[in-house]
Amino acid sequence: MPHLNELQEQFGAEGLSVIGVTGESKSETENWVEDKDAQYAYAYFKGREIMSVMGAGGYPHAVLVDPLGEIVWDGHPAGLTAAVIEEHLTGALPVPLFDFPKGASKVASALGKDQLGKALDAAKAYAAKDGEQSAEILAAVEGHVDLRVGTITTANARGNYLKVVTQGEELLDALDDEDPRAVELAGILETVKDDDAAQDVIDAQKKLEKLLGGLGKLKKKDQANSLIEKIEDLVEDHPDTYVVTAGEVAIKRVRVLKAKLR
């Protein structure tokens, strides 16, 4: 698609990777790629599981995944604008890990294992060598770590305590203890764990996740209505907390699915 070619060309150097996914045969795909002059990578995936994960009801459908691996936009590919992409480029690596320069192989390996402390050390050693590219790699890794930490501090400020304790603990394990960002994270986690109100919110968020775990089993509208009522009860029991925000999003998801049921 010309539109996706243009986006890849415009933002590829800033960390955007356009990847087409298809369940069609190799011959059909290659003919399509040649006919449309697609200038981006593509992959094969049989079945409709990936469509379900993306919440797609048909083809073509596109999603924008941010540097943290979260879907931040979805819709028809033609609707994906440069402005939306620019909004989510912060913290993106300049090139995919498999395209890192040979001298930065230790950086790529550590990032692939989410060993951020080791990745930073390797990036600093690489940056000590001459060359503009090595400095760019270090800046990209530092930016990615800052983004990861920033999402936890933002989640804490919004009262999204489940995200704080789950992703925050994983991030703390990935950083070196001496890193000032690790000290900041440890303080946030300790405060949340000692806060009874925060723990109550976490329990409610876990209940909400459990309720949403049954989305794939819904077959009838009545079942969807029942699920919505349970979510509404949970929200009502936790006013003025992040449960309200999460519950509203959850209800929208159920209603979208409900529209497709009998």
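The values are calculated or read from the model by the stated rules, or taken from the named source; none is laboratory data. Small disclaimer: the values here were computed from a predicted structure and weren't measured. Note that each Cβ is placed from the backbone with ideal geometry, even for glycine, and that neighbours are counted across all protein chains shown. Calculation scope for accessible area: heavy atoms of the full protein, side chains included, ligands and nucleic acids excluded. Shrake-Rupley method; radii C 1.70, N 1.55, O 1.52, S 1.80 Å.
Skipping prolines and chain starts, which residues have an amide H placed within reach, meaning under 5 Å, of the one on residue 73, given they are 5 or more residues away or on another chain?
Here the answer is 64, since their amide H atoms fall under 5 Å of that of residue 73.
Let me cross-check residue 184: its accessible surface, 1.4 Å probe, with only protein heavy atoms counted, in Å² to the nearest 10?
Spelled out: residue 184, probe radius 1.4 Å, area about 90 Å².
I need the semi-axes of the equivalent ellipsoid of the chain: take the C-alpha gyration tensor, multiply each eigenvalue by 5, square-root it, list largest first in whole angstrom.
34, 31, 14
Along the principal axes of its C-alpha atoms, what lengths does region 170-254 span, in descending order and rounded to whole Å?
Principal extents (Cα only, largest first): 54, 25, 16 Å.
Tell me the label-point distance for the pair residue 154, residue 260, using the 7 Å Cα-to-Cβ offset, in nm and rounded to one decimal.
Roughly 2.8 nm, to one decimal.
Using a 1.4 Å probe and counting only protein heavy atoms, arrange 73, 32 so the residue with the most accessible area comes first.
Values: 73 50, 32 95 Å².
From most exposed to least exposed: 32, 73.
For residue 21, what residues show an amide H to amide H distance below 5 Å, using hydrogens built from the backbone and excluding near sequence neighbours?
Distant-sequence amide H within range of residue 21: 43.
For the full complex of protein chains and a 1.4 angstrom probe, list 95, 256, 149 by accessible area with the highest value first. Please report the intermediate quantities before stating the final value.
Working: 95 50, 256 90, 149 10 Å².
Descending accessible area places them as 256, 95, 149.
Would you kindly state how much longer the chain becomes between residue 197 and residue 240 on full extension, computed as 0.36 nm times their sequence separation minus their alpha carbon distance, in nm to one decimal?
Roughly 14.3 nm would be gained on extension.
Across region 136-194, how large is the tail of the calculated P(r) beyond 17 Å, expressed as a percent of all Cα pairs? Mind showing how you got there, number by number?
Numbers: 556 of 1711 pairs.
When all Cα pairs of region 136-194 are counted, 32 percent exceed 17 Å.
Taking θ = phi - 60°, what integer Hz values does the Karplus form 6.51 cos²θ - 1.76 cosθ + 1.60 yield along region 15-26, in sequence order, with x for Gly and Pro?
The phi angles translate into x, 7, 10, 8, 10, x, 10, 9, x, 7, 5, 4 Hz.
When all protein chains stay in place, what accessible area (Å², nearest 10, 1.4 Å probe) is found for residue 193?
110 Å²
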